[in-house]
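Below is one structure, written out as C-alpha cells, with a few remarks after it.
Every read-out reported here was derived from the displayed coordinates using simple, explicitly stated rules and does not represent laboratory data. These numbers come from a predicted model, not from an experiment. Positions of Cβ are generated from backbone atoms using ideal geometry, with glycine treated the same way; all protein chains shown enter the neighbour counts.
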Amino acid sequence: MSIFNEEVFIISHRHTPLGQTSTALRNTPLVNPLHRTNLQRIASYIPIFSTFIGIKTLKGISSLQYSMVLMTGNFSSVCKTLPCPEIYEELPKVRKEAWLEIFGIKALYYLVLGVIKIIKLIVRYLCPCCRPPEPREPQNPLTPTPLDMGQQIDAIFSTPTSPTGFKDPFLDDLLQEDKKKAPHL
C-alpha cells in the first residue's frame with residue numbers, strides 16, 4: 001500500500017466545513033504515523049509481532065485522522081486534492097489489515113487467498129464444462145462427395161426434359177428424329 005510507503009505527507013490546502021478545498025497553504029509537512037520499515041512489514045506476518053504492529057497501526061490511523069483534521073480543518077471524501085483522496089481511499093484497507101495483524105492471522109489470510117486463487121485457476125483449466133467445445137466434423141460435408149466418371153458425364157451432358165403439359169413443335173420433331181435413328185431405345 002502506498003500509504004505505508006510515505007514517511008511525510010505534504011499538505012498544501014485547507015477544507016471548508018463541508019470538506020471541499022477552500023484555501024491554499026504553503027506546503028506543510030505531516031508526519032505519517034502509518035509509515036513502516038521493511039522489517040516491520042515482514043514482522044507483520046509473524047503472529048506475535050503482528051499483534052503489536054496491528055495495535056500501533058490502529059493508533060496511527062486515529063492519529064493520522066486527528067492530524068488531518070487539525071491541519072486541514074476537515075477530513076472527508078469530498079476533497080479531490082492530493083493527498084486527501086489517496087489517504088481516504090486506503091484507510092479502510094489499512095484498518096482491515098490492522099485487525100488481521102492484531103488477531104495474528106494476516107499471513108494465514110493471504111495464504112488462504114492465494115490457495116483459493118490457484119484452485120480457481122486449476123478448476124478453470126481442467127473443468128470440461130468451462131472449456132470451449134471440441135471441434136466436430138460437420139454433418140454435411142463442406143465439399144460434395146465426388147461422383148464416379150460415368151455419373152459426372154451424365155450430369156454434364158444430360159438431355160433436357162420438357163415439363164409436363166409443354167408442347168414445343170421443334171422439340172417434338174427432334175425427339176421423333178432421334179427415335180427413328182435409334183429404334184431400339
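Side notes on the structure shown:
- Gain upon complete extension [Lys59, Ser77; 0.36 nm per residue less C-alpha separation]: 4.4 nm
- Taking 0.36 nm per residue of separation and subtracting the current Cα-Cα distance, fully stretching the chain between Lys179 and Ser158 would add 5.9 nm.
- Protection proxy ranking, peptides 13-24, 65-76, average beta carbon neighbours within 10 Å, highest first: 65-76, 13-24
- Evaluated at q = 0.11, 0.12, 0.23 Å⁻¹: base-10 log I(q)/I(0), Debye formula over Cα of the range 38-110: -0.32, -0.38, -0.94
- Leu39 paired with Val8, simple spin-label distance in nm, labels 7 Å along Cα-to-beta-carbon: 2.3 nm
- For the range 2-126, alpha-carbon Rg and Dmax in angstrom: 17.8, 59
- Over 28 Å (Cα to Cα) - which of Lys56/Lys120; Lys93/Lys117; Lys96/Lys120 fall in this group: Lys56/Lys120
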